[in-house]
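Here the structure is laid out as C-alpha cells; the discussion comes afterwards.
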Amino acid sequence: MMKFMDDDFLLYNDTAKKLFASVKDEPIIDFHNHLNPREIYEDECFDNMAEVWLGGDHYKWRAMRANGVSEKLITGDGAPFDKFLAWADTVQNLIGNPLYHWTHLELQRYFGITMPLTPDTAKEIWDECNSKLRQKEYSVRNLLRMQNVSVLCTTDDPKDSLEWHKKIREDGFEIKVLPSFRPEKALGIEKEGFKNYIDDLSMLVEFRIDDTESLLKALELRLEFFMENGCRVSDHSLESLFFVPTNKREVDEILKIRLAGVKLSEEQEGKFRGYMLTELGRMYAKRGIVMQLHIGAIRNNSARFFKTLGPDTGFDALNDFNYAPQLAALLSAMDENDELPKTILYCLNPKDTEMLAAMAGTFCSNESGIKGKVQLGAAWWFCDHKNGMERQIESMSDTGLISTSVGMLTDSRSFLSFPRHELYRRILCNKIGTWVENGEYPNDEAYLATLVKRICGTNAVDYFNF
C-alpha cells in the first residue's frame with residue numbers, strides 16, 4: 001500500500017520517478033497569477049494561517065460553503081482559529097478534491113508537516129505553522145524563494161501606475177515580478193461602470209476618448225508603458241458573444257451611443273469586443289506580446305452575495321455556450337495579414353478542451369520558428385485538478401505537440417500556491433512515463449529529461465521572451 005503523499009506521490013512507474021527527479025527542482029515560471037505586487041514589495045510576514053490561507057481564497061470558500069460552514073467563518077468576522085478549524089473539518093471531507101492535495105503539499109513544502117489536516121490535528125498544525133509564519137524567514141519574498149520562483153506575472157489594469165512593480169525592481173529583488181496587461185474594463189462595454197472607466201482613462205492619457213481610434217491609442221500608450229516595466233503578456237476574459245464581423249464606422253457608432261448611456265444589444269456588444277480584440281491582437285503581435293484568452297466563465301451568479309460580498313468571492317461557475325465559429329473568426333481576422341500574436345487558449349468548460357487544442361493547431365504556421373505559436377493553455381480554475389491536467393496533456397498530445405507547451409501556472413491570489421507546479425510536474429512525468437513503459441515511446445532518458453524541463457520552464461522563457 002502506498003504511503004500518503006510520499007516522495008512517489010502520483011508517480012506510478014520507474015520512468016515517471018526518474019523524470020520527476022530531473023525536473024522537481026527546476027525554477028518556476030508563473031506567467032499568470034493574481035498576487036498583489038504591493039505585498040511583495042513590503043515583504044511582510046503573515047500573522048496566522050487563516051490570514052494566508054483563507055483570506056481572499058474563493059476556492060476554499062466554495063468548499064466550506066458546500067460543507068455547511070457559516071459565512072461568519074468564511075468571509076465574516078469569525079475568530080481566525082475558528083475559521084481555520086472550520087477549514088480543517090472541510091479538508092477532511094475533501095476526498096477526491098484538488099484542494100486536498102494543494103493543502104497538504106503546502107503543509108509539506110513550506111512547513112515540513114506531513115500529518116493530515118483534520119479537526120483533531122488542527123490546533124497542533126495551527127500553532128506550528130503560525131510560529132514559523134511570524135519569522136522573517138517566512139516573509140512574502142522568502143515564501144517565493146522557498147519554491148524557487150524565477151518569474152511571476154501579476155494581472156493589472158491598463159490604468160495601473162505599476163508603482164509597486166517599479167519599487168520591486170529598484171529594490172533589487174532577484175525574482176522578476178512583471179505586470180500583465182488586462183484591458184478587461186476597456187472592453188466591458190456592457191458593464192455599468194464602462195463610461196466612468198473611459199472617462200478615467202481619458203484623464204490618464206490626457207486626451208478625449210470618443211471613438212475606437214482614440215480608445216486604441218490610449219490602450220497602446222498604456223501597453224507601451226507596461227512594456228517599459230517588463231510586460232510580456234496580456235490577458236482577456238471572454239464570457240459571452242465576443243466576435244461578430246463589423247467595421248470601424250459601425251463600432252464607432254456603437255461606442256458613441258454607449259457613452260451616451262444607451263443600452264446595447266448583445267450583437268452590438270459582440271461587434272465592439274470582436275473589433276477591439278482584433279486590433280489589440282495586432283498591437284500585441286507587432287510588439288511580441290503574448291495574448292491569453294480565458295474563455296467560459298459565468299460570473300456572480302448569486303445576486304444576494306454579489307450585493308453583499310462583491311465579485312471574486314466564490315459564486316462563479318462554468319458557462320456552456322458554443323463559441324468555436326467565433327474563435328475561428330477572431331483568430332483568422334488577426335491572422336489574415338499575418339498579425340496574429342502568440343496566443344494561449346484556456347477553457348473553463350472541459351467540453352471545449354479538445355476543440356481548443358484542435359483550433360490552436362490551425363493557426364500555428366509562422367516563419368519565425370515559434371514553437372506552439374497558438375496553443376491550449378494549462379487546466380484552468382474548475383479544470384485545475386488531476387483529471388483536468390491529464391486531459392489537457394492528452395488533448396494537446398492527441399492533436400498537436402505537448403513538447404511545445406509552456407506548462408503550468410497558479411492563477412492564484414495566495415503566496416502558498418506554488419506547489420501546484422509540483423503537482424503538475426508529477427502528473428506530466430507520470431503521463432510521459434506511462435507512455436514509455438507501455439512501449440508507446442522509446443526510453444531515451446536524456447531526451448525525455450530535456451523534454452520535461454522544456455515543458456516545465458524553458459519553453460515559457462523562450463515563448464514569453466523572459
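The values are calculated or read from the model by the stated rules, or taken from the named source; none is laboratory data. None of these values were measured; they are calculated from a predicted model. Here Cβ is always computed from backbone atoms with ideal geometry, including for glycine, and neighbour counts include all displayed protein chains.
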| task | With the condition kept exactly as written, say whether any residue in the range 276-287 is in contact (Cβ under 8 Å) with a residue 40 or more places away in the chain, in contact with a helix residue (DSSP H, G or I) (Cβ under 9 Å, 6 or more places away or on another chain), more than 25 Å from residue 394 (Cβ to Cβ) and not in a helix (DSSP H, G or I). | result | no
| query | So is residue 262 free of Cβ contacts under 8 Å to residues at least 24 places away in the same chain and farther than 20 Å from residue 360 by Cβ or not? | reply | yes
| said: Looking at 348, 448, 416, can you tell me which residue is under 30 Å from residue 154 (Cβ atoms) and either out of contact with any Gly (no Cβ under 7 Å at 6 or more places or on another chain) or without any contact (Cβ under 8 Å) to a residue 40 or more places away in the chain (or both)? | reply: 416
| If residue 292 passes every condition in (1) free of Cβ contacts under 8 Å to residues at least 60 places away in the same chain; (2) under 25 Å from residue 464 (Cβ atoms); (3) touching a Gly at 6+ places or on another chain (Cβ under 8 Å) but one, which one does it miss? | (1)
| task | Hey, can you tell me all the residues within the range 10-30 that are over 17 Å from residue 110 (Cα atoms) and out of contact with any Gly (no Cβ under 9 Å at 6 or more places or on another chain)? | result | 10, 21, 22, 30
| Subset of the range 211-247 [under 25 Å from residue 170 (Cα atoms), of a type outside the set (Lys, Arg) and under 22 Å from the mean Cα position of the chain (by Cα)] | 223, 226, 227, 229, 230, 231, 233, 234
| remark: Counting only residues that are of a type in the set (Asp, Glu), more than 24 Å from the chain's Cα centre (by Cα) and surrounded by 13 or more Cβ atoms within 10 Å (Cβ to Cβ), the range 256-293 contains a total of 1
| query | Residues of the range 352-367 being under 14 Å from residue 323 (Cα atoms) and either modelled with pLDDT under 95 or over 19 Å from the mean Cα position of the chain (by Cα) (or both), which ones? | reply | 354, 355, 358, 359
| Among the numbered criteria (1) in contact (Cβ under 8 Å) with a residue 60 or more places away in the chain; (2) buried (at least 17 other Cβ atoms within 10 Å of the Cβ), which single criterion is violated by residue 321? | (2)
| In the range 134-166, which residues are buried (at least 16 other Cβ atoms within 10 Å of the Cβ), under 30 Å from residue 48 (Cβ atoms) and charged (D, E, K, R)? | 141, 156, 160
| said: I need the full set of residues from the range 368-399 which are under 16 Å from the mean Cα position of the chain (by Cα), of a type in the set (A, V, I, L, M, F, W, C) and either modelled with pLDDT under 95 or not in a strand (DSSP E or B) (or both), in order please. | reply: 378, 379, 380, 381, 382, 383, 389
| remark: Condition set in contact (Cβ under 8 Å) with a residue 60 or more places away in the chain and polar (S, T, N, Q), scope the range 79-130, selection farthest from residue 385 (Cα to Cα): answer is 130
| field | Selected residue (criterion: surrounded by the fewest Cβ atoms within 10 Å (Cβ to Cβ)) from residues of the range 414-438 that are of a type outside the set (A, V, I, L, M, F, W, C) and part of a loop (DSSP other than H, G, I, E, B) | value | 438
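Suppose the filter is small (Gly, Ala, Ser) and without any contact (Cβ under 8 Å) to a residue 40 or more places away in the chain; does residue 76 pass it?
yes
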| Which of the residues belonging to the range 184-216 are free of Cβ contacts under 8 Å to residues at least 24 places away in the same chain, assigned to a loop (DSSP other than H, G, I, E, B) and buried (at least 18 other Cβ atoms within 10 Å of the Cβ)? | 209
| field | Matching entry among 343, 313, 308 (being touching a strand residue (DSSP E or B) at 6+ places or on another chain (Cβ under 8 Å) and hydroxyl-bearing (Ser, Thr, Tyr)) | value | 343
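Take the residues in the range 1-40 that are aliphatic (A, V, I, L, M) and in a loop (DSSP other than H, G, I, E, B), then tell me which one is farthest from residue 454 (Cα to Cα).
The extreme case among them is 1.
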